[in-house]
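Laboratory data are not the source of any read-out in this text; all were calculated from the coordinates shown. Quick caveat: nothing in here was measured; it's all calculated off a predicted structure. Don't worry about glycine lacking a Cβ; one is built from the backbone with ideal geometry, like all the others, and counts go over all protein chains shown.
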Amino acid sequence: KKSVRDVDVKGKRVFMRVDFNVPLEDGKITDDTRIQETLPTIKYLVEQGAKVILASHMGRPKGEVVDSMRLTPAAARLGELLGKSVKKLDESIGENVKAEIAKMENGDVIVLENVRFHKGEEKNDPELAKAFAELADLYVNDAFGAAHRAHASTEGIAHHLPAVSGLLMEKELSVLSKALSNPERPFTAIVGGSKVKDKIDVINKMLEIADNVIIGGGLTYTFFKAQGHEIGKSLVDNDKLEVALGFIEKAKELGKNLYLPVDIVVSDDFSADANTQIVPVDSIPAEWEGIDIGPKTREIFADVIKDSKLIVWNGPMGVFEIEPFSHGTRAVAEACAETQGYTIIGGGDSAAAVEKFKLKDKMDHISTGGGASLEFMEGKVLPGVVALNDK
Ligand code: 3PG
């Protein structure tokens, strides 16, 4: 795909889609990684003398104006990080926006309001896409985290303007595609998270392309139930028992190593002061709930990770947000930090875990996309990428 470096941007009005969908608590940003990661593209455009018009979604306001989902805190943080004044507008299309853009000097940066305040955004309404396109001369997509969405500001607009990728988009695509198209082996995929249904496609794909597939987190109990074990009050997708057995079969047929936990931390309550015990997977007590992988499992998983040349991780091993249930996820994160192999951390929960354990600097690539990196790993095409111009 063509990148922002392949086109002339000087004096141009650039509509740049970013993913500033950052976590907020009481109006304060708790993790600004996504904003930081767009700085190279924004700085490049500023230095080249472009007029930088930033657009993003935040949360899921469903086409309504929701004050807590404004982009005001993100724009303020961007201004701090850039060390430069950044104007935040309260709208994302229309005459007022056009008038503000007309006043911009080369190198100025403005942030538009949350594009999802318009119903047309998620519907990929052509009228809204046109209204965005009217604001600019060039479209730059740096929102890898939203590239799996075919929305007006991620896909529709690209049909009306020259459309190129930003530097973050370029980096994400090149790291992920290089790693997955010609993986260094042994290649280990770690798939966690709570629901089998969200991970079916990725497990299938990873069984095909990886050598080892490690499964942890809430989704494992569906496997155990399918194998006839008591799972107590653990999470389960009852309509996915066959699917789970199918994965075990597929791994055997393809000669791949599928690692499931051998021991489990169970708890009698979903809280930090609950009673816990460690049990083998075939001995989960009826009234208890599986909440994390056990110590034997952590060792087995860590050994596999340490012997791998490529590790791709998506989804936590347990309820890592609660300290007593975080050890399994921490052990996997630490093994990823220590291995000599190349580590790619899918965005979303796994990235949040790595951040929480302060191991960010030890990973080779932490994706800014949760759903987007998952869909990429599944081998799906991302509509926000397809819409960009080819070299
Ligand atoms: C994300 O956080 O994964 C992206 O910003 C996409 O958000 P969405 O799932 O609301 O489309």
Per the Debye formula with a single identical scatterer at each Cα and no solvent contribution, what log10 I(q)/I(0) holds for the chain at q = 0.12 Å⁻¹?
-> -0.93
Share antiparallel - DSSP beta bridges, segment 4-170, percent rounded to 5 = 10 percent
Compute the separation of the alpha-carbon centres of segment 74-145 and segment 223-274 and state it in Å as a whole number.
-> 45 Å
Pick out the long, greasy-scoring helices in the chain: whole DSSP H runs spanning 18 Å or more along their own axis by Cα, mean Kyte-Doolittle at least -0.5.
-> 33-47, 167-181, 196-209, 241-254
How big is D, in µm² s⁻¹, for segment 183-377 by Stokes-Einstein at 4 °C and 1.567 mPa s if Rh is the Kirkwood radius over C-alpha pairs?
-> 79 µm²/s
By Cβ neighbour count within 10 Å, fewest first, HIS229, HIS159 rank HIS159, HIS229
Cα-based convex hull, segment 4-170, per residue volume (Å³, whole number) | 96 Å³
The chain: relative contact order from alpha carbon pairs under 8 Å, six or more residues apart, as a whole percent, is 16 percent
Considering the options ALA251, ALA150, SER308, tell which one lies farthest towards the positive end of the dipole of the chain, charges being +1 on Lys and Arg and -1 on Asp and Glu at the Cβ, about the Cα centre.
-> ALA150
Residue among MET206, MET169, MET104 with the largest mean-square fluctuation in a Gaussian network model of the chain, springs linking Cα atoms under 10 Å | MET104
In nm, spacing of pseudo-spin labels at GLU242 and LEU82 (7 Å Cα→C-beta vector) = 5.4 nm
Quick numbers on segment 130-210, Rg and Dmax over C-alpha atoms in Å, give 16.8, 50
Counting DSSP beta bridges with both ends in the chain, the antiparallel % (nearest 5) | 25 percent
